[in-house]
Each structure stands twice: as structure tokens, then as C-alpha cells.
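Student: Let me begin by handing over the structure; questions about it come next.
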Amino acid sequence: MTRPSVRSDRAPRIEPFRVMQILQRARQLQAQGKDIVHMENGEPDFPSPPGVIAAGRTALDAGHTHYTAANGLPELRAASASSYGDDAVVDASRILVSPGASGALQLVMAVLLNAGDGIMMADPGYPCNRHIASLFNADIQLVPVDETTGYQLTREHVEAHWQANTRAVLVASPSNPTGTLIDPAELADINEFVVSRDARLIVDEIYHGLIYDEDVPSAAAISEDIFIINSFSKYYGMTGWRIGWLVMPVEYAEAVSRLAQNMFLAAPTLSQHAALAALDEATEPELLRRKDIFRKRRGYLLPALEDAGFIVRTRPSGAFYIYADCTAYGQDSDALCEQLLEQAGVAVTPGSDFGHHDSSRYVRFSYANTLDKLEQGVRRMKNYLENRS
Ligand SMILES: Cc1ncc(COP(=O)(O)O)c(C=O)c1O
């Protein structure tokens, strides 16, 4: 491929989101007639709930094809604010409806970071967060984390890794790729320190609806100083609608709205109408049914992977991922993932997609696939790994 003659310095700096490339290769193999079990998926295998799809259709028929206000439909902002229920009273003026969590992350970074400002995050973590920060020429301050803290940042980490230019700390709970949580007391401690340094905490709660064993309050319950990112993609099964929301400290609302007007104009209108149905209590039973299915899949996959020789050091509490040590099968998870895809017909994601720290020892397994398929995937992996020369 020829290199374009006109190109920004930042473009080559942005790494690919590897799992999308794996997905592409898996689809290529499928097009050649190969049967692939997908365990790399970063999205629910279910279609959007029927009420959501119906609401999207109704909105289209009603001609809702124009822009909304940059902050989103007032009724959706109000419904998103109310979704915090007993956790916290969130005023709708602090909500902005965004094109997915991705759009919200871009807005938050745009409003908080100057070029060269530091943003601290855990390694491993969701890769696009680093890449988006890089787009804003931020200084990405990765903190290696391991099972001793559930692969999450602690206040101790944040204090130890603080630099003079650090302006923001980003955490995700549950995390992608580990499915682990930050304890709310720890989060409060981190926030206290971050605010004391005149910086801001960003909490990505995109998987918050998918926590299986306990009730964990939103970071909205901790402080109104925290930026909270959420989305209709995962729990509500709406990845393709590109819709999410941001809760921000009230003093940022005007600036973030101005940025949104320029960067996106508004989130997709049809999706906003559909998202209203997602938050409607009539949809809740279906969402809880799906959540229970994810819980059962985790109940199968976790011991099955351990039985196959993978080591899971912290039990995942949420999302639909299991981050497992694969060193029983070599020291290079990139090579292992390639073999599993090409030879065993199972697509999984190597740790290198999520950072640098110990990444070659880890693989992320997604259980956003049916139990039958997961069982088939595990059988294929075991068979291949036991018999490979
Ligand atoms: C931790 C995390 N944050 C944000 C996103 C982006 O989600 P959205 O589809 O809402 O843009 C993802 C998607 O996989 C994710 O895993």
C-alpha cells in the first residue's frame, strides 16, 4: 500500500483495534467455507430487544429524521438521569446523549485535556481509550495492574504514578478485558485524591448493567465531580445504534455541549427514540432475562477454561469477558490466538489488544455467544491444544 503524501503525525501513532481485525479475518475464513466459533465478540449476540426495534420503526414512520438538540432529547436525558434510581439523584442538566460511549469519551477528553496533559489508566484496559487520548495528543500514563488488585487501579497506584502533568484518571468498572470491578470505597478514595490534585476522575460504566453477583452502586453515588460514561450498547443490546450518555459535573455542561455541537451536532435521532424504549420499564424483564443468560454462560465457561489449562486469577464479576493466562500453551498469546483461529477455528483476542503489561501471557475470551457455541469452542481448543505437535 502506498503512503499518503499528506498525513498528520497523529495518524500513524494510532494503533488498530486488533479485535476488529481478528473479526475481519474470521469473516474471511467463514467466506471461504470454514466454520468459526466466535469468542472474540465485544458485543451481545442478541438483537436489540423487540420494544427497542419497534420504537426505532415508529420513530422512522413518524418522520423523526431531523437533528435533535446537541445534548439529546430532553425526555431521554431525563430518563437516563432517572436510570440511577436509588443510587443517586442525577439532574438531567448533567446528562448529554452521545454517539455511543465512544462519543462521550471523545467529548470528555476534549474538554479536559490539553496536548501533553497526562491521563492515567490501567494496563490492561480497553484499547480505544488509549487511542482516543492519543488523538488529543495527551500523555497516556499506563499503570500496570495485576490480579492482586483485580486488574484495577487503586488509590495507592494513582498516588504512586501521579505526575505533574496528570489531569485525568480513567477507570472502567466492570473492566474490559477482565470483567472485574472497583470497590466503591476504593473509587471514592481515588476520586478524593484526584480532585485534591485539581484533576478529574472518569468512570466508564458501560458494563454496569451486566454485574452478576452483587448490587454495586454507580459512581454517580460517590460524587458529582466524576465524569461517568455509559452506553446503550452492551446491557441494552444496541451496539449498532451508536448511542450512549455522559453524566458530567454541572460546571462542564456548557462547554461539553458546545463541543458536541461541533463534533457530532447530535446523537442519531432514531437511536434516541429507540433508547427511550430501552429505558422503559416494559423492556426491563427482557434485559434481565438476557443478563441471566450471560450469567449462566459465565458459569459454564469459567470452569471449562480452567479445566482446559487456562488460569483465571480474578473471578470476573461482570461484562462478558474472561481474561485468562495462557502460558500453559506458550509465552506468546498473539501466536496462540492466530493458531486457534487458523487451525482450530476459534476466534479469541490476544492480550496485546489491551496493553503491554504481561499482555503476551493473556487471552480474552468473550461469552457473547450461545452455550452450544461456547461448548463447541472449548472442545475445539482442547482438541487442538492437546494434539498439536
Ligand atoms: C470499556 C468500553 N468502553 C467503551 C466502549 C465503546 O462502546 P460504544 O459502543 O458505546 O461506543 C467499549 C466497547 O467495547 C468498551 O468495552
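FYI, it's all coordinate maths here, none of it is from the lab. What you see is a predicted model, and the numbers here were worked out from it, not measured in a lab. Positions of Cβ are generated from backbone atoms using ideal geometry, with glycine treated the same way; all protein chains shown enter the neighbour counts.
Student: With an 8 Å cut-off on Cα pairs and a minimum separation of 6 or more residues, tell me the relative contact order of region 50-283 in percent. Please report the intermediate quantities before stating the final value.
Tutor: Details: 447 pairs, mean separation 71.1, N = 234.
Relative contact order for region 50-283 comes out at 30 percent.
Student: Turning to a different aspect of this structure: Out of all DSSP beta bridges in region 50-283, what portion is antiparallel? Express it as a percent rounded to 5. List each step's numbers first, then the result.
Tutor: Numbers: 8 of 26 bridges.
Counting only bridges with both partners in region 50-283, antiparallel ones make up about 30 percent.
Student: What does the charge add up to near Asn71, with Lys and Arg as +1, Asp and Glu as -1, over the other residues with Cβ less than 11 Å from its Cβ? Before the final figure, lay out the partial values.
Tutor: Details: positive: Arg77, Arg94, Arg258; negative: Glu254.
Once positives and negatives cancel, what remains is +2.
Student: For the chain, the longest stretch holding no trypsin sites (Lys or Arg not before Pro) located in a DSSP loop with at most 12 other Cβ atoms within 10 Å is which? It would help to have the intermediate numbers written out before the result.
Tutor: Values: sites that count: Arg7, Lys34, Arg388.
Within the chain, the longest run free of exposed trypsin sites (Lys or Arg not before Pro) spans 35-387.
Student: Right, next: Report the local net charge at Ile22: Lys and Arg +1, Asp and Glu -1, summed over other residues whose C-beta lies under 13 Å from its C-beta. Before the final figure, lay out each step's value.
Tutor: On the way: positive: Arg18, Arg25, Arg27, Arg364; negative: Glu40, Asp334, Glu338, Glu342, Asp353.
Local charge sum for Ile22: -1.
Student: Another one. Need the full-extension length gain, Asp35 to Gln376, defined as separation in residues times 0.36 nm minus the C-alpha distance. One decimal, nm. Before the final figure, lay out each step's value.
Tutor: Numbers: separation 341, 0.36 × 341 = 122.76 nm, distance 1.10 nm.
Taking Asp35 through Gln376 to full extension adds about 121.7 nm, to one decimal.
Student: Under the rule a/c < 1.5 gives rounded, and otherwise a/b versus b/c splits prolate from oblate, where does region 306-368 land using the Cα gyration tensor?
Tutor: Values: a/c = 1.40, a/b = 1.23, b/c = 1.14.
Taking the square roots of the gyration eigenvalues as a ≥ b ≥ c, region 306-368 is rounded.
Student: Follow-up. Mind scanning Lys234/Lys382; Lys291/Lys373; Lys34/Lys373; Lys34/Lys382 and naming the pairs with a C-alpha gap bigger than 23 Å? It would help to have the intermediate numbers written out before the result.
Tutor: On the way: Lys234/Lys382 29 Å; Lys291/Lys373 18 Å; Lys34/Lys373 15 Å; Lys34/Lys382 19 Å.
The pairs that break the limit, which is 23 Å between Cα atoms, are Lys234/Lys382.
Student: With a ≥ b ≥ c taken as the square roots of the eigenvalues of the C-alpha gyration tensor of region 50-283, please select rounded if a/c is under 1.5 and otherwise prolate if a/b is larger than b/c or oblate if it is not? Present the calculation step by step, with values, prior to reporting the outcome.
Tutor: Working: a/c = 1.92, a/b = 1.51, b/c = 1.27.
Verdict is prolate for region 50-283.
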